[in-house]
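First comes the structure, then the notes that go with it.
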Amino acid sequence: MKITLLGFCLLCSAIVAQQPPKTMAKLVVQLQSPDVPADSFAAKSKVMYRAGSQYCRTEEQPDPSQGIHGLMIINEPDAWMINLFTKTGKHMVDPGPTFNCRMPIFADIAANLPEEERKQILGLEFGWENVFFKAGGAAPHPGGVQQGQQTTAYILNFGESKLAMFTYGTPERPLSVTWVRGEKYEIFWYSGYGQMDFDRKLFEKPDNVKIEEVKPK
């Protein structure tokens with residue numbers, strides 16, 4: 001059987017695409033903002049996992065007052081939104097044509113910004129913080145001491161918004177990421193950030209959960 005060079009390249013690409021990543025990032029983050037009370041659900045920490053643009057997972061803290069314990073799992077093109085309190089959830093399939101899970105840090109803020117500013121802010125994602133700031137040309141400079149750590153600061157400006165990342169340690173990792181616009185601001189603090197072996201089970205449908213299929217609109 002003969003195979004063309006193009007066919008061989010496509011076959012190799014398909015084989016590579018089927019290979020799972022070797023590592024994934026694990027993050028523990030917590031929001032601070034003058035608009036978010038410190039004792040509110042929104043201020044509770046979240047645990048996130050990310051492996052490339054295919055695998056994303058977000059674990060929220062329980063919210064007993066609302067009867068919700070949220071878990072979102074994305075394994076493109078599949079996505080599950082789970083309520084661990086009720087053991088129920090919804091399954092959706094991304095219709096494509098691109099299959100990229102997104103974890104924008106300031107998604108809620110960006111929704112109310114001018115279009116071009118919004119696009120830039122949405123480009124800053126959990127798990128890809130260093131890539132965003134360095135690709136944007138942010139130069140490192142001393143960031144002072146935060147949470148007892150000597151930090152390095154990276155700053156980018158988009159319209160009236162300013163984004164800043166403060167890193168520490170070796171390898172360099174975020175300690176905080178900040179959005180500022182006028183007198184408004186939000187800070188995400190990182191109490192954990194690192195690489196670990198990829199665990200496929202974290203990105204599969206949980207057992208013992210009743211799933212409702214949701215068709216894309």
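Values in this text are rule-based calculations from the coordinates and carry no lab data. Remember, predicted model here, so these are calculated numbers, not experimental data. No Cβ is skipped: glycine too gets one built from the backbone with ideal geometry, and neighbour counts run over all protein chains shown.
Structure data summary
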read-out	value
Local electrostatic count at Glu183 - Lys and Arg +1, Asp and Glu -1, tallied over other residues with Cβ under 13 Å	0
Mean Cβ count within 10 Å, highest first, over the residues of peptides 199-210, 128-139	128-139, 199-210
Separation in nanometres of the label points that stand 7 Å from Cα toward Cβ, at Val180 and Asp108	2.1 nm
Per-peptide average of other Cβ atoms within 10 Å, ordering 180-190, 23-33, 93-103 highest first	23-33, 180-190, 93-103
Label corresponding to semi-axes √(5λ) of the Cα gyration tensor in Å when calculated from the structure given, among (1) 23, 21, 18; (2) 37, 18, 16; (3) 31, 25, 18	(3)
Potential lengthening between Gln19 and Ala38 on full extension [0.36 nm per residue; Cα-Cα distance subtracted]	2.6 nm
Pairs of lysine residues in the stretch 23-214 - Cα separation under 13 Å, sequence separation of 8 or more or cross-chain	6
C-alpha center-to-center spacing [the stretch 168-217, the stretch 28-107] in angstrom	8 Å
Over the stretch 23-214, relative contact order from alpha-carbon pairs under 8 Å, at least 6 apart, %	24 percent
Summed residue charge, Cβ within 14 Å of Phe198's Cβ, Lys/Arg positive, Asp/Glu negative	+3
Inter-label distance, nm, simple model (7 Å from Cα along the C-beta direction), Lys201/Val214	2.7 nm
Where labels lie 7 Å past Cα in the beta-carbon direction, separation of Lys119 and Val131 in nm	1.9 nm
For the chain, size of Cβ-based charge dipole, Lys and Arg +1, Asp and Glu -1, in debye	540 debye
Burial ordering of Ser53, Ser65, Ser40, Ser176, fewest other beta-carbon atoms within 10 Å first	Ser65, Ser40, Ser53, Ser176
Sorted peptide list for 160-169, 41-50, criterion being average Cβ within 10 angstrom, highest first	160-169, 41-50
